[in-house]
Amino acid sequence: MGLFSRKPKLPPADRPPLAPDERVLAWAAVGNGEGDGVVVASNLGLWLPGRGHRLGWHDILKAVWSGRELTVTPAETLVERDGYTVVADCPTETYLLLDPGELPHQVRARVTRSVAHTEHHPVPGGGARVAARRAPGVDGLTWTVRLDPGTPPDGEDLLAETDRLVSAARAATAPVDG
């Protein structure tokens, strides 16, 4: 590829059902030789092969680029609370990308940019990460509590503590009037 050459456009057959205000930022074919589709990064989220829907940037707990493989850990909703959601790691999904282009950079930048606040705390039965994320089309921040693997998701003690932690984080990150 020359200095000014561009990656070919996403083939129409591989184009996900984008929302009217959604645009493709980067894409890469999944390269295990079986024609397993493409990974597409848009301004609103990540389209992964085999999923009929987009993962919002704020719904991706972790994304790791190994130099050949993109591994994505989506969030699984466990409990909807007043003003926040308790989530845990879904199983990771790994995609071999032989010609990744800008895709790993876009994924990292978008996931990182979605995080406004993150702090880890001990909770009954384990640990949890309180996070505030920017979600496309949502005014303000979306709050989540991600339970560490092995932390039991139920129990009044846990939910009382997550309520307290989210309230404290909201207070600490609220804009100061002035």
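A few remarks follow.
- Every pair of residues 6+ apart whose Cβ atoms lie under 9 Å, when the first sits in segment 104-118 and is touching a residue at least 60 places away in the same chain (Cβ under 8 Å) while the second is part of a helix (DSSP H, G or I) and surrounded by 14 or more Cβ atoms within 10 Å (Cβ to Cβ): Val107/Trp57; Arg110/Trp57
- Restricting attention to segment 15-50, the residues that are among the charged types (D, E, K, R), surrounded by 13 or more Cβ atoms within 10 Å (Cβ to Cβ) and modelled with pLDDT of 90 or more add up to 2.
- Tallying residues that are buried (at least 16 other Cβ atoms within 10 Å of the Cβ) and touching a residue at least 24 places away in the same chain (Cβ under 8 Å) within segment 51-64 yields 7.
- Residue in segment 142-171 that is surrounded by the most Cβ atoms within 10 Å (Cβ to Cβ), counting only those that are of a type in the set (A, V, I, L, M, F, W, C) and touching a His at 6+ places or on another chain (Cβ under 7 Å): Ala169
- If the condition is being over 17 Å from Gly83 (Cβ atoms), part of a strand (DSSP E or B) and touching a helix residue (DSSP H, G or I) at 6+ places or on another chain (Cβ under 6 Å), then segment 124-157 contributes no residue at all.
- Meets criteria (surrounded by fewer than 13 Cβ atoms within 10 Å (Cβ to Cβ), of a type in the set (Val, Ile, Thr) and under 30 Å from Arg68 (Cα atoms)) for Thr112: yes
- When segment 112-123 is filtered for residues that are of a type in the set (Ser, Thr, Tyr) and either assigned to a strand (DSSP E or B) or over 15 Å from the mean Cα position of the chain (by Cα) (or both), only Thr118 remains.
- Considering Asp82, Asp99, Asp89, Asp139, the condition of being closer than 12 Å to Leu61 by Cα and either modelled with pLDDT of 95 or more or surrounded by fewer than 16 Cβ atoms within 10 Å (Cβ to Cβ) (or both) is satisfied by Asp89 alone.
- Candidates Thr162, Thr173: the one that is over 18 Å from the mean Cα position of the chain (by Cα), modelled with pLDDT under 95 and among the hydroxyl-bearing types (Ser, Thr, Tyr) is Thr173.
The values are calculated or read from the model by the stated rules, or taken from the named source; none is laboratory data. Worth saying up front: this structure is predicted, and the values here are computed from it rather than measured. No Cβ is skipped: glycine too gets one built from the backbone with ideal geometry, and neighbour counts run over all protein chains shown.
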